[in-house]
Amino acid sequence: MTLGEVIRGFGDVLFPPVCVHCGGLVGSGAYRHLCPACALQIDFVRPPHCTVCGHPFPGEMEGLRRCPHCRGLDPAFGSGCTVVLFRGPVRSLLIELKYRRGWHVMEDLETILCRSPEALERARGSVLVPVPLHARKLRERGYNQSEMLARSLARAAGDGARVESLLRRIEDTPSQTAFGRQARRLNLKNAFALASGAPLNPGLRHVLVDDVFTTGSTINQCARALRKAGCLRLEVVTFSHG
Ligand SMILES: [Zn+2]
Ligand SMILES: [Zn+2]
């Protein structure tokens, strides 16, 4: 037992960890911020799933590549997968991380990542590129949750996986309200660019990492920016699917 574990053990006696989803006591289990009952509600995505957004297909869907969740998306990336569905305890963990400065839940998010053989496999030997936040939002929040997830994924995968923040966000979203529909699309099209001086090795597999897949439009704009910069092998891992 390390000193850190001893200190944590005392802390747990004085302030027993509370489940971020139901508010009950965590007790023993694989997670530090979810009780065993809530942990059982985590929806891990297993094959077969959509090869673009990663949403699971019900039963066997031989030959079907696309699903209703990403229809209309013209993916600039090769394929994608998602680790869990964005609901229940997963939603609570991510809200804690994004809006309550809950860095402490990262250890549980990493435990979840470790249970996704597909995400780990994609990460191995790859350059993981987090979807960037706009500089103003980054200042407000103090951290980029996608970058933290990418770092966790790289740690969990090992085997040459590494994080490189190759992209930057150049358009701030509130300014879009002044635009019409068409102009807004054009605006979003230019929302991401290669960070100045960022080294991109086209021979390596790049994997875009984000916390939630919703419409896929943001991650696809990132994919376009990486393609434009010469990226040849490009995949996507999202932590959750909304
Ligand atoms: Zn609970
Ligand atoms: Zn899909």
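The values are calculated or read from the model by the stated rules, or taken from the named source; none is laboratory data. None of these values were measured; they are calculated from a predicted model. Ideal geometry is used to build each Cβ from the backbone, glycine not excepted, and the neighbour counts take in all protein chains shown.
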Which of the residues spanning the stretch 106-160 are basic (Lys, Arg) and surrounded by 22 or more Cβ atoms within 10 Å (Cβ to Cβ)?
Arg122
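Residue-wise test of (1) farther than 22 Å from Thr111 by Cα; (2) at pLDDT 90 or above.
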{"residue": "Thr2", "(1), (2)": "no, no"}
{"residue": "Val6", "(1), (2)": "no, no"}
{"residue": "Cys22", "(1), (2)": "no, yes"}
{"residue": "Ser28", "(1), (2)": "no, no"}
{"residue": "Ala39", "(1), (2)": "no, yes"}
{"residue": "Gly59", "(1), (2)": "yes, no"}
{"residue": "Gly63", "(1), (2)": "yes, no"}
{"residue": "Cys67", "(1), (2)": "yes, no"}
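With the requirement that a residue be free of Cβ contacts under 8 Å to residues at least 40 places away in the same chain and closer than 24 Å to Leu204 by Cβ, what does the stretch 134-146 give you?
We begin by selecting, within the stretch 134-146, every residue free of Cβ contacts under 8 Å to residues at least 40 places away in the same chain; these are 134-140, 144.
Matches in the stretch 134-146: Asn144 only.
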Filtering the stretch 204-235 down to residues that are assigned to a loop (DSSP other than H, G, I, E, B) and within 18 Å of the chain's Cα centre (by Cα), which residue is surrounded by the fewest Cβ atoms within 10 Å (Cβ to Cβ)?
Thr215
